[in-house]
Amino acid sequence: MSTIANAALAPSGKTKIEWARAHMPLLAALEERLAREKPLAGMRVALSIHMEAKTARLALLLQAAGAQVYATGCNPLSTQDDVAAGLADMGVQVFAIHGATNEQYHDHLVQALSCKPHIVIDDGGDLTQILHEERPDLAECVLGGCEETTTGVRRLRARAAAGRLRYPVICVNDAQMKYLFDNRYGTGQSVWDGIMRTTNLIVAGKLVVVAGYGWCGKGCAMRAKGMGARVAVCEVNPVRAVEAAMDGFTVMPMEQAARVGDMFVTVTGCKDVIRLEHMLEMKEGALLMNAGHFDVEIDVAALRRAALSCREARANIERFALPNGRHVDLLAQGRLVNLASGDGHPAEIMDISFALQALSCEYVAKHPRLSAQAMEVPAEIDEKVARMKLAAMGYAMDALTEEQRAYLEGAEG
């Protein structure tokens with residue numbers, strides 16, 4: 001039995017899902033084959049990804065492939081209640097409510113896992129954590145899993161390195177067709193979409209501080225620059241810092257950036273990137289946003305303790321009065337701004353990522369005796385998705401001749 005906020009919202013959710021379906025041609029092409037072949041027949045899939053329309057489309061594809069799907073969110077503020085209701089009405093078991101407490105959110109994860117899944121699709125590693133540390137009894141049927149995000153892969157590899165991984169997991173985030181497009185172009189666009197629709201403020205002319213210059217940070221910085229902002233990058237990795245400088249951005253430590261920035265976006269996957277000491281140095285009305293997976297990159301707890309007062313300045317924006325007489329504005333409680341303040345990545349981007357997820361699930365189902373390890377996405381899946389995307393965009397590419405292939409492989413001369 002699904003756990004959702006309001007079943008009456010299903011028509012609105014179905015409309016959103018249909019819009020996503022119309023703009024996700026890769027999943028449509030996969031559905032044609034998977035619905036016919038049913039490679040997931042008889043299997044239970046537990047899925048924890050942001051509960052919105054593109055995720056619903058993936059869940060329905062897995063259902064068409066023969067699976068019983070049990071879906072939950074991976075962030076309480078990113079759940080869209082109408083989509084959850086629409087998906088539940090279409091036969092998927094859904095456990096997700098927008099604004100759930102931490103306890104409710106945890107209960108939803110356990111509910112999704114209570115089916116004793118054969119395949120686990122995770123976004124951030126919470127399902128994996130529960131199956132290993134809290135409820136190993138629910139992992140007895142697991143053949144393998146897939147992980148969607150940088151943060152989740154980091155947690156996964158640490159677990160594997162410590163010899164504490166119970167089953168194989170494919171690191172979907174590390175596929176080229178994922179991080180080069182989802183992380184860079186998806187994050188770059190969706191973060192600024194969430195910021196602009198929430199604040200209704202201009203970006204051009206402002207100094208935007210981007211903390212972290214991985215693929216997500218690159219996308220955020222690139223899009224801010226494209227909208228006319230001056231961009232400063234904060235990094236702890238010297239190679240990435242040089243890369244940011246060569247890309248035309250100013251590089252400085254957060255201590256310095258705090259005094260000059262207008263808008264701050266954290267994209268690091270680490271905790272306490274913006275601390276109270278930094279916030280106390282900021283300009284009046286500085287805007288604080290997080291685009292990392294967990295709500296720990298901005299030290300919100302310290303901000304709440306130190307603030308003289310806090311009020312809602314605008315929907316989803318909290319204004320904190322600091323002891324120094326200035327104010328800072330926090331979006332989405334420090335949670336993922338592109339999902340808690342927007343609709344997440346564009347459908348065409350998630351079409352790529354979820355094609356990788358679906359094909360990786362099929363791979364796990366067809367290889368039930370994989371060893372317990374953090375695995376790369378098979379190269380043939382990465383290339384297949386690339387070719388599908390290129391064709392969907394209406395483009396074609398060259399192919400090597402046999403002579404060229406022999407030359408590159410060193411078989412000639």
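The values are calculated or read from the model by the stated rules, or taken from the named source; none is laboratory data. Worth saying up front: this structure is predicted, and the values here are computed from it rather than measured. In this analysis, Cβ positions are derived from the backbone assuming ideal geometry, glycine residues included, and neighbour counts consider all displayed protein chains. Areas reflect the complete protein model, heavy atoms only, side chains present, ligands, DNA and RNA absent. Shrake-Rupley method; radii C 1.70, N 1.55, O 1.52, S 1.80 Å.
Side notes on the structure shown:
- Number of residues in region 304-340 that are aliphatic (A, V, I, L, M) and closer than 20 Å to Val208 by Cβ: the value is 10.
- Scanning region 247-260 for residues that are under 23 Å from the mean Cα position of the chain (by Cα) and either under 30 Å from Gln357 (Cα atoms) or open to solvent by less than 10 Å² (accessible area, probe 1.4 Å) (or both) turns up nothing.
- Selection of region 1-51 for residues being open to solvent by 30 Å² or more (accessible area, probe 1.4 Å), closer than 24 Å to Thr79 by Cβ and hydrophobic (A, V, I, L, M, F, W, C) yields Met1, Ile4, Ala5, Ala7, Ala8, Leu9, Trp19, Ala22.
- Picking from residues in region 305-328 that are aliphatic (A, V, I, L, M) and open to solvent by 60 Å² or more (accessible area, probe 1.4 Å), the one that is farthest from Asp262 (Cα to Cα) is Leu308.
- Identity of the residue in region 91-102, in a loop (DSSP other than H, G, I, E, B) and either open to solvent by 60 Å² or more (accessible area, probe 1.4 Å) or among the charged types (D, E, K, R) (or both), that ends up farthest from Ala358 (Cα to Cα): Thr101
- Count of region 219-230 residues which are open to solvent by less than 40 Å² (accessible area, probe 1.4 Å) and touching an Asp or Glu at 6+ places or on another chain (Cβ under 9 Å): 2
- Residue identified as surrounded by 16 or more Cβ atoms within 10 Å (Cβ to Cβ) and of a type in the set (Gly, Ala, Ser) among Ala399, Ala332, Ala379, Ala302: Ala332
- Failed item in (1) surrounded by fewer than 17 Cβ atoms within 10 Å (Cβ to Cβ); (2) part of a loop (DSSP other than H, G, I, E, B), with Val203 passing the rest: (1)
For (1) among the β-branched types (Val, Ile, Thr); (2) part of a helix (DSSP H, G or I); (3) in contact with a Pro (Cβ under 9 Å, 6 or more places away or on another chain), each residue gets a yes or a no:
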residue	(1), (2), (3)
Thr128	yes, yes, no
His132	no, yes, no
Cys141	no, no, yes
Gly152	no, yes, no
Leu156	no, yes, no
Arg159	no, yes, no
Arg166	no, no, yes
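- First in region 279-303 and in contact (Cβ under 8 Å) with a residue 60 or more places away in the chain and over 13 Å from Ala211 (Cβ atoms), second anywhere and among the β-branched types (Val, Ile, Thr) and part of a loop (DSSP other than H, G, I, E, B), Cβ under 9 Å, 6 or more apart: His293/Thr149
- Residue in region 282-293 that is assigned to a loop (DSSP other than H, G, I, E, B), modelled with pLDDT of 95 or more and more than 27 Å from Arg197 (Cα to Cα) present: no
- Single unsatisfied condition, Cys216 versus (1) open to solvent by 10 Å² or more (accessible area, probe 1.4 Å); (2) under 15 Å from His293 (Cβ atoms); (3) in contact with a Leu (Cβ under 9 Å, 6 or more places away or on another chain): (3)
- Number of residues in region 103-126 that are under 22 Å from Pro39 (Cβ atoms) and either open to solvent by 30 Å² or more (accessible area, probe 1.4 Å) or in a strand (DSSP E or B) (or both) equals 6.
- Of the set (1) farther than 28 Å from Leu30 by Cα; (2) within 20 Å of the chain's Cα centre (by Cα); (3) among the aliphatic types (A, V, I, L, M), all apply to Val110 but (2).
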